[in-house]
Amino acid sequence: MSPAVYVNGLPAPPAFTAKKITIDSDRVASTESNFPVLATTTDPDLRFTGSGGHAASSTGGDLYFTAADGTTVLNYEREYYSSTTGELVCLGED
């Protein structure tokens, strides 16, 4: 499974910015499912629109993760989000 983080950009849906997250299988000892993943990135597209990005919410409330199908929303916890830099730290489950 290759989850993705989506940003609800402007104009309203379905205009989304998607960022694919790939888990390197060489770093996983065996076939796993439902395991926690700490994902971190700093991406200018994830900045709040007032800072030149695509996130409509300055709190990151419009950022979410889906399965590879692009529609199945995955559970995650946003640990940190910077609306000015696009830095995002999340704990999710594959």
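Each value in this text was obtained by applying a stated rule to the coordinates, not by laboratory testing. This is a predicted model, so every value here is computed, not measured. Every residue, glycine among them, receives a Cβ derived from its backbone with ideal geometry; neighbour counts consider all protein chains shown.
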Take segment 41-94, compute every pairwise Cα distance, and split them into 5 Å bins from 0; I just need the percent in each bin. 5, 22, 27, 22, 18, 5, 0
Could you pull out the GluC sites (Glu not before Pro) across segment 20-94 that fall in loop regions by DSSP (anything but H, G, I, E, B) with no more than 13 other Cβ atoms inside 10 Å? E32
